[in-house]
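Remarks on the structure that follows.
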Amino acid sequence: TDLSAFGTDPWWLVLVKVIAVFAFLVLTVLAAIYLERKVIAWMQMRVGPNRVGPLGMLQSLADGVKIALKEGLTPAGVDKPIYLLAPVIAVIPAFMAFAVIPFGPVVSMFGHATPLQLTDLHVGVLYVLAVTSIGVYGIVLAGWSSGSTYPLLGGLRSTAQVISYEIAMALSFVGVFLFAGTMSTSGIVAAQADVWFVFLLLPSFLIYVTSMVGETNRAPFDLPEAEGELVGGFHTEYSSLRFAMFMLAEYVNMTTVSALAATLFLGGWRAPLPFSLLPGADSGWWALLWFVVKVWGFMFLFIWLR
């Protein structure tokens, strides 16, 4: 795979890309929380958020401000250094995984020809699997360090579940690697120029979609939280910004697995039919539109399942 387009950007352009990816993920989380409430409300014949801002669109922001201003309580029996570190361990890998996700082809940015991707590796997909695996340590350590029975049980459940689904998820990628002949994310997108892998590898795609829901602890695979029996699960003893970090990690992980599904099986940033028949439909900045649409298609699937 030719990765010569990467690693040549000036430092300030790399910084711009990093900030852009971070902003994209934070805005996606705010939008996902709002749309999750709104879509579920429509499905259940309710109204959903409709007070804060036009059509309730500022509700997520208001909730974020509210949770940040709450008192951050630290129970007496916790293992304090690990208790404080656990939310950080959960949230940082969620952002790091997006370093190798291709948003689009090579474009002109401030006069520089650069790929719409932070970087790429010959083992890009393995990097994503490795980084997202670290996130489960945050959940396990949060449960263990809380010094309470129910968070501990939630953390143990999460360990078992995430490890189990990661095995199925990793094996579903094997067919993609064989067809693409590479593990680099940009190379896999390039290999889908003629036909998307979802048509060639439908069983792998279905296994991955099931695994990604289990991997992110979302309903119906939300055993690690299990409000009915474990109070709130691994984050029971957390409040204020530390609790918000766990929620942020969950939604960023949803975005990551959705982006990975779009990249590996749905042609990444390539335009779908019939738009792909138009000249230049998936070139330049247009590619970013198709990528975002595909990611939100999977985000809607998460909400629909719940």
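FYI, it's all coordinate maths here, none of it is from the lab. For clarity, every value in this text was computed on a predicted model and none was experimentally measured. In this analysis, Cβ positions are derived from the backbone assuming ideal geometry, glycine residues included, and neighbour counts consider all displayed protein chains.
The Stokes-Einstein estimate for the stretch 102-177, based on a Kirkwood radius over Cα pairs and taken at 20 °C with 1.002 mPa s viscosity, is a diffusion coefficient of 141 µm²/s.
Listed peptides 256-262, 209-215, 10-16 appear in the order 256-262, 209-215, 10-16 once ranked by packing, highest mean of other Cβ atoms within 10 Å at the front.
Karplus-based coupling profile of the stretch 178-187, in residue order and whole Hz: 5, 6, 7, x, 7, 10, 7, 5, 5, x, with θ = phi - 60° in 6.51 cos²θ - 1.76 cosθ + 1.60 and x standing for Gly or Pro.
Angle between the Cα long axis of helix 124-145 and the longest principal axis of the chain, 0 to 90 degrees, nearest 10? With rounding to tens, the tilt is 0 degrees.
Taking 37 °C and 0.692 mPa s as the conditions, I'd like the Stokes-Einstein D for the stretch 128-213 in µm²/s, using the Kirkwood hydrodynamic radius from alpha carbon pairs. Stokes-Einstein gives a translational diffusion coefficient of 224 µm²/s.
Averaging Cα coordinates gives a centre for the stretch 236-293 and one for the stretch 145-201; these two points are 15 Å apart.
Within the same chain, aspartates and glutamates fewer than 8 places from residue 17 are excluded, and of the rest, those with a Cα less than 12 Å from its Cα are 9.
Neighbour counting of Cβ atoms within 10 Å sorts the residues 67, 139, 101, 303, fewest neighbours leading, into 67, 303, 101, 139.
The HN-Hα couplings worked out from phi for the stretch 235-244 by the Karplus form 6.51 cos²θ - 1.76 cosθ + 1.60 (θ = phi - 60°) are 9, 4, 8, 9, 8, 6, 5, 5, 5, 4 Hz, whole numbers, x standing for Gly and Pro.
Among residues other than residue 299 with Cβ under 14 Å from its Cβ, the summed charge is +3 (Lys and Arg +1, Asp and Glu -1). In order along the stretch 169-174, phi translates into HN-Hα couplings of 5, 5, 5, 5, 7, 4 Hz, rounded to whole numbers, per the Karplus curve 6.51 cos²θ - 1.76 cosθ + 1.60 with θ = phi - 60° and x for Gly and Pro. Between the Cα long axis of helix 80-96 and the first principal axis of the chain there is an angle of about 20°, rounded to the nearest 10. Counted over all Cα-Cα pairs of the chain, pairs farther apart than 36 Å make up 19 percent. Counting only aspartates and glutamates at least 8 places from residue 294 when in the same chain, those with an alpha carbon closer than 20 Å to its own are 36, 194, 215, 250, 282. The ranking of 36, 71, 237 from fewest to most other beta carbons within 10 Å of each one's beta carbon is 71, 36, 237.
Starting from the Cα gyration tensor of the stretch 1-88, take the square roots of the eigenvalues, sort them a ≥ b ≥ c, and report rounded, prolate or oblate (rounded when a/c is under 1.5, otherwise prolate if a/b is larger than b/c, else oblate). Oblate.
Remark on residue 107: its backbone amide H falls under 5 Å from those of 114, 116, a criterion applied only to residues 5 or more positions apart or on other chains, H modelled at 1.01 Å from N. In straight-distance terms, cross-link reach from residue 38 covers every one of the aspartates and glutamates whose alpha-carbon lies under 17 Å from its own, apart from those fewer than eight places away in the same chain; here that gives 63.
Note on the stretch 230-306: Kirkwood hydrodynamic radius from all Cα pairs is 14.5 Å, rounded to one decimal.
Cβ crowding within 10 Å, taken as a proxy for footprinting-reagent exposure, orders 91, 128, 39, 100 from fewest neighbours to most as 39, 91, 100, 128. Taking a ≥ b ≥ c as the square roots of the eigenvalues of the Cα gyration tensor, an a/c ratio of 1.5 or more together with a/b larger than b/c marks the stretch 29-79 as prolate. Comparing mean-square fluctuations of 184, 240, 158 from a GNM of the chain with C-alpha springs under 10 Å, the top value falls on 240.
Sites listed here are chymotrypsin sites (Phe, Trp or Tyr not before Pro) in the stretch 83-161 whose DSSP assignment is loop and whose Cβ has at most 13 other Cβ atoms within 10 Å: 110.
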